[in-house]
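The values are calculated or read from the model by the stated rules, or taken from the named source; none is laboratory data. Here the structure is a predicted model, which is why all the values come from computation and not from measurement. Neighbour counts run over all protein chains shown; Cβ positions are idealised from the backbone, glycine included.
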Amino acid sequence: MSGHEQFAEDLALLALGSLEGKERVALESHLQECAACRRELESLRGDMALLSLSTAGPKPPARSRERLLAAVAREPRGVATSGQRWWWILAPSLVAVALALVVVFLGRQNLTLRERIAGMESDAVARQVELRQAREIVSTLTASDAMRVTLVAAKAPPQPQGKAIYVRDRSSLIFIASDMPAVPAQKAYELWLIPTSGAPIPAGVFKPDAHGSATVVNPPLPTGIEAKAFAITIEPEAGSASPTMPIVMVGAGE
Amino acid sequence: MSPAEFRAGLSDAALVSAIRSGKEDAMAELYDRYSALVYSVSLRVLGDAGAAEDVLQEVFLQLWRNPDWFDSSRGNLAPWLAVISRNRSIDGLRKRRPETDVEDVVLSVEPDMAGDADRATAMTKVRTVLGGMPAAQRSALEMAYFEGLSHSEISEKTGEPLGTVKTRIRTGLLTLRKAFQT
């Protein structure tokens, strides 16, 4: 006996396949670490093989050989299952499943990237619009040919004040007001462009903030209209097609 | 040299290697070498020619399906087949499924059982050693090996203490081993 003596009898039972329960668990755990006991287990199995020889004598029927070889011929190699090789058979399926998962993952990633690109393009367009508007504002404010108008209340004090900066060729108008009294409920101020000829043209509806300030930037205007004055009236919130008297503020070009 | 003579000259390891390549005639050669060994062990355990033949078919077919089942670096084929045949037969006897499809049976044994003459000599020696054993020891060993009885079952059957049964089984196996050690 070259293994550990305390396991000697249990090793024989393990070789025979009759060791169960905690004794088997303990011995198998010991065998993981003990080469001497592993060797002894192998020798005990060899002893069992010797014992098998005592049965020698009977021979299988002749048909058994034909039966086996027929079964072998019927069974192409690589088709059968075994404990160690089963995964080879499943491998194509596993690869297919893995590829399908990769395709789904890449598809989702592709969709996400497309959405991000679309979002970035949308942002870029919006920023270009904002930039163009800012340039127009600066251009209007600084244009040498801009008409600058100061509007004041018909009766002072207080002195509400509005400045309209208008570039006819670009139909660009910026209006900045201060000290404006609050408007009645459901009413708003409406700015009017008074052309040199024809009816007043609506130039934006606005309500002053808590400080009485308000701005109107580039309201929709017909192109190339020459203005002789700007005026403000109080109108319904949605605005009017024609001014409702009285005119609360007015200013003519300098 | 005829193909049959050529095959007969190949080692067990070479034949298993040929089986790995799908050579059916290598399978036939291995069957010719070891079918009697596998069958006789199974017949002893099962006591039924038909059932023993089924185990014989199963063991060789399993080897054909999975030649790696036998690892020639971890023992010789003949003793390995003898033990595998016994284990499968005990499984059949006790109506239990094998614990695994492929048993990891590694063994080492002194005599070379590859040749018919070697096996015949070893068989005579084993029978002599068994004949020389005390009857109780031989009986315990054979009940454990050929009937697949646990030491508890043998103890119940014989009325002997568990420890005595365990000792008899182990001592019986060691006695066989010692007879082949020079």
(message) Given the criteria over 22 Å from A:Gln133 (Cα atoms) and hydrophobic (A, V, I, L, M, F, W, C), does A:Ile225 qualify?
(response) no
(message) Return the pair list, or none, for Cβ contacts closer than 7 Å from residues in segment A:33-62 that are at negative phi to residues that are modelled with pLDDT under 90 and among the hydroxyl-bearing types (Ser, Thr, Tyr), at least 6 apart or on different chains.
(response) A:Ala36/A:Ser2; A:Arg39/A:Ser2; A:Glu40/A:Ser2; A:Glu42/B:Ser108; A:Ser43/B:Ser108; A:Gly46/B:Ser108
(request) Mind counting the residues in segment B:133-168 that are among the charged types (D, E, K, R) and within 11 Å of chain A (Cβ to nearest Cβ)? (result) 6
(request) Sort out for me the helices (runs of 4 or more DSSP H) sitting completely within segment A:1-78 that have 2 or more residues that are more than 7 Å from chain B (Cβ to nearest Cβ) and surrounded by 20 or more Cβ atoms within 10 Å (Cβ to Cβ). (result) A:8-16, A:35-53
(request) Give segment A:214-254 a look and list any residue that's outside any strand (DSSP E or B) and more than 47 Å from the chain's Cα centre (by Cα), or say none. (result) A:Ile225, A:Glu226, A:Ser242, A:Pro243, A:Thr244, A:Met245, A:Pro246, A:Gly253, A:Glu254
(request) Examine segment B:65-82 for a residue that is within 11 Å of chain A (Cβ to nearest Cβ), at pLDDT below 80, in a loop (DSSP other than H, G, I, E, B) and at positive phi, and state whether such a residue exists. (result) yes
(request) Would you mind finding the one in B:Leu61, B:Leu10 that is modelled with pLDDT of 90 or more and either more than 8 Å from chain A (Cβ to nearest Cβ) or in a helix (DSSP H, G or I) (or both)? (result) B:Leu61
(request) Find the residue count for segment B:113-129, including only residues that are without any contact (Cβ under 8 Å) to a residue 12 or more places away in the chain, at the interface with chain A (Cβ under 7 Å from one of its Cβ atoms) and among the aliphatic types (A, V, I, L, M). (result) 1
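Does B:Asp32 satisfy being at the interface with chain A (Cβ under 8 Å from one of its Cβ atoms), surrounded by fewer than 21 Cβ atoms within 10 Å (Cβ to Cβ) and in a helix (DSSP H, G or I)?
It is true that B:Asp32 is at the interface with chain A (Cβ under 8 Å from one of its Cβ atoms), surrounded by fewer than 21 Cβ atoms within 10 Å (Cβ to Cβ) and in a helix (DSSP H, G or I).
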(request) Would you confirm whether any residue within segment B:148-166 is without any contact (Cβ under 8 Å) to a residue 24 or more places away in the chain and acidic (Asp, Glu)? (result) yes
(request) Would you point out the residue of segment B:16-28, among those that are within 11 Å of chain A (Cβ to nearest Cβ) and in a helix (DSSP H, G or I), that is farthest from B:Ala120 (Cα to Cα)? (result) B:Arg20
(request) Among the residues of segment B:39-53, write down those that are buried (at least 17 other Cβ atoms within 10 Å of the Cβ) and within 10 Å of chain A (Cβ to nearest Cβ). (result) B:Tyr39, B:Ser40, B:Val41, B:Ser42, B:Leu43, B:Arg44, B:Val45, B:Ala52, B:Glu53
(message) If a residue must be among the β-branched types (Val, Ile, Thr) and surrounded by fewer than 12 Cβ atoms within 10 Å (Cβ to Cβ), how many such residues does segment A:223-254 contain?
(response) 1
(request) Among what's in segment B:169-182 and is within 11 Å of chain A (Cβ to nearest Cβ) and either β-branched (Val, Ile, Thr) or touching a Ser or Thr at 6+ places or on another chain (Cβ under 6 Å) (or both), pick the residue that is surrounded by the most Cβ atoms within 10 Å (Cβ to Cβ). (result) B:Ile169
